[in-house]
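Reviewing the structure listed below.
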Amino acid sequence: MVDVAVRPVRGPAFRLSRRARRITLLTHIAAAGAWLGIDVVLGVMVGTALVTGDAQQAGVALQSLGLFVVWPLVVVGLLCLASGILLGAGSTYGLVRYWWTAIKLGLNVVLVILVLVLLRPQVGDVSESARASLLEGTDPPAVGDLVFPPLVSGTVVLIAMALSVFKPWGTIRRSRGRRS
């Protein structure tokens, strides 16, 4: 027979004031909305480069990716992460007390890392090649795998938003081990 000690749920490490919580929540929602918006613009620019018959228009669309995609995504991703950590640490939800908060935390970290590790080099290469093609009057580069980042990131951000609204799965249960 396993005897498991039941420990009362601890409260947050600190408590955000009502005003601080509202400001942090607004920041979190705004950052997530900006993240989704940048994903939509990225998708439109890549889609424009794919379907337009005008080489100059495609080149301009691809060159502009280097100007606004990567660092704004990193900034809003880190802002979303920081505000989410502050909200979790300052509320009864906690960072990893509930499945939905732990999953949101993981998704946010993974997306920011993917932007830095995969998207930044690819956007940099395509943007630079597009700039060179515009100067030389040649065809713009192929968009390659740039179709996937706005689809994946946009979907994941929407999933994180849905998790915030529906708060599924309850608490994460931790085993306490066997007691003799």
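To the nearest 20 debye, what charge dipole does the stretch 18-166 have about its Cα centre, counting +1 at the Cβ of each Lys and Arg and -1 at the Cβ of each Asp and Glu?
1180
May I ask you to order 72-81, 126-135, 17-26 by the average number of other C-beta atoms within 10 Å around their residues, highest value first?
72-81, 126-135, 17-26
Give me the angle, in degrees from 0 to 90, between the Cα long axis of helix 148-166 and the longest principal axis of the Cα atoms of the chain, rounded to the nearest 10.
Tilt of helix 148-166: around 30 degrees.
Could you give the nm distance between label points at Val44 and Val110, where each point is 7 Å from its Cα heading toward the beta carbon?
Spacing of the two 7 Å Cα→Cβ label points: 2.8 nm.
Only one of the values [x] 215; [y] 119; [z] 133 was calculated from this structure for volume of the Cα convex hull per residue in Å³; name its label.
Identified label for the calculated read-out: [z].
What is the helix-to-structure angle for 70-89, meaning the angle in degrees between its Cα long axis and the longest Cα principal axis of the chain, kept from 0 to 90 and rounded to the nearest 10?
10
Choose one of Leu42, Leu114, Ala142: the residue whose Cα lies farthest towards the positive end of the charge dipole of the stretch 18-166 (beta-carbon charges +1 Lys, Arg; -1 Asp, Glu; about the Cα centre).
Leu114
Hey, quick one: spin label on Gln122, modelled 7 Å out along Cα-Cβ, who in the stretch 141-168 has an amide N within reach, i.e. under 11 Å?
Counting only backbone N, you get 143-153.
What angle, in degrees between 0 and 90 and rounded to the nearest 10, separates the Cα long axis of helix 18-51 from the longest principal axis of the Cα atoms of the chain?
30
Normalised by the number of residues in the chain, what is the relative contact order in percent for Cα pairs under 8 Å and 6+ residues apart?
34
All of the numbers you see were taken from the coordinates with simple rules; none came from a lab. These numbers were taken from a predicted model, which means no experiment stands behind them. We place every Cβ from the backbone using ideal geometry, glycine too, and count neighbours over all the protein chains shown.
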